[in-house]
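Q: Before anything else, here's the structure in question.
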Amino acid sequence: MLTEFWNWLAGVDYGSGALYAAAVVLYIAGFLGAVLPYPGCFVALGGSVCYALAAGEPYPAWWFWGILLALAILGTLADNITTALGARKFGGSKHAFWGSMIGLFVGAFFIFPFGIIIGPFLGAFIAEYKFQSKTARDSAKSGLGATLGLLAGVLAKLVITGIMLVLTMM
């Protein structure tokens, strides 16, 4: 039944140019989502759907969509896990993790593009200093760890989104 539905969707003339354009826009937004605080890998997955519909190919195998979905989930988890691991590695607590997430969100929207780096550091630093009563030096170490972990997560999301793009174009 799903195969027939996909074939019907692929057969409808949406104006393939518009779908290709939507796929490009969604993939660009997906790559931006590696840096900005929104789920870019899932946005890129939407780009893959638009591309598949525009190409008018027959129903892609279920495992293809399963791989793309797994990659999108992995990219989203990688971002959070690497930030938490970075904070932990440098002596931070869960407060450092949440502080860095809040700092990223606030920094990305109020002092873009520098806020993407400064925000997580300050968020983790303030959280550790205020809620864990750590010294300024220890709080700064936690902030550095959270920021390095966040940057590792950004790199992971960029790589994963790139892999998704390559798989879609094959």
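The values are calculated or read from the model by the stated rules, or taken from the named source; none is laboratory data. Nothing here was measured: the structure is a model prediction, and the numbers come from that model. Please note: Cβ atoms are built from the backbone with ideal geometry, for glycine as well, and neighbour counts cover all protein chains shown. Accessible surface areas use protein heavy atoms only, side chains included; no ligands, DNA or RNA. Shrake-Rupley method; radii C 1.70, N 1.55, O 1.52, S 1.80 Å.
Q: Within segment 22-56, restricting attention to residues that are farther than 18 Å from GLY162 by Cα and small (Gly, Ala, Ser), which residue is surrounded by the most Cβ atoms within 10 Å (Cβ to Cβ)?
A: Result: ALA54.
Q: Can you say whether LEU155 is modelled with pLDDT of 90 or more and open to solvent by 50 Å² or more (accessible area, probe 1.4 Å), as far as the supplied structure shows?
A: yes
Q: Within segment 63-72, can one find any residue that is farther than 19 Å from LEU158 by Cβ and open to solvent by 50 Å² or more (accessible area, probe 1.4 Å)?
A: For segment 63-72, residues farther than 19 Å from LEU158 by Cβ and open to solvent by 50 Å² or more (accessible area, probe 1.4 Å): present.
Q: Quick check, is GLY75 under 20 Å from GLN132 (Cβ atoms) and open to solvent by less than 30 Å² (accessible area, probe 1.4 Å)?
A: no
Q: Within segment 126-141, is there a residue that is over 18 Å from ALA34 (Cα atoms), surrounded by fewer than 17 Cβ atoms within 10 Å (Cβ to Cβ) and among the β-branched types (Val, Ile, Thr)?
A: Within segment 126-141, one or more residues are over 18 Å from ALA34 (Cα atoms), surrounded by fewer than 17 Cβ atoms within 10 Å (Cβ to Cβ) and among the β-branched types (Val, Ile, Thr).
Q: I'm trying to understand the selection: among the residues of segment 81-94, which are of a type outside the set (A, V, I, L, M, F, W, C) and open to solvent by less than 60 Å² (accessible area, probe 1.4 Å)?
A: Once the filter is applied, which keeps residues that are of a type outside the set (A, V, I, L, M, F, W, C) and open to solvent by less than 60 Å² (accessible area, probe 1.4 Å), segment 81-94 yields THR82, THR83, GLY86, GLY91, GLY92, SER93.
Q: Could you please let me know if VAL106 is in contact (Cβ under 8 Å) with a residue 12 or more places away in the chain, closer than 26 Å to LEU165 by Cβ and open to solvent by 10 Å² or more (accessible area, probe 1.4 Å)?
A: On the way: in contact (Cβ under 8 Å) with a residue 12 or more places away in the chain: yes; closer than 26 Å to LEU165 by Cβ: no; open to solvent by 10 Å² or more (accessible area, probe 1.4 Å): yes.
It is false that VAL106 is in contact (Cβ under 8 Å) with a residue 12 or more places away in the chain, closer than 26 Å to LEU165 by Cβ and open to solvent by 10 Å² or more (accessible area, probe 1.4 Å).
Q: Related question: Among the residues of segment 6-22, are any modelled with pLDDT of 60 or more and under 30 Å from ILE116 (Cα atoms)?
A: Yes, some residue in segment 6-22 is modelled with pLDDT of 60 or more and under 30 Å from ILE116 (Cα atoms).
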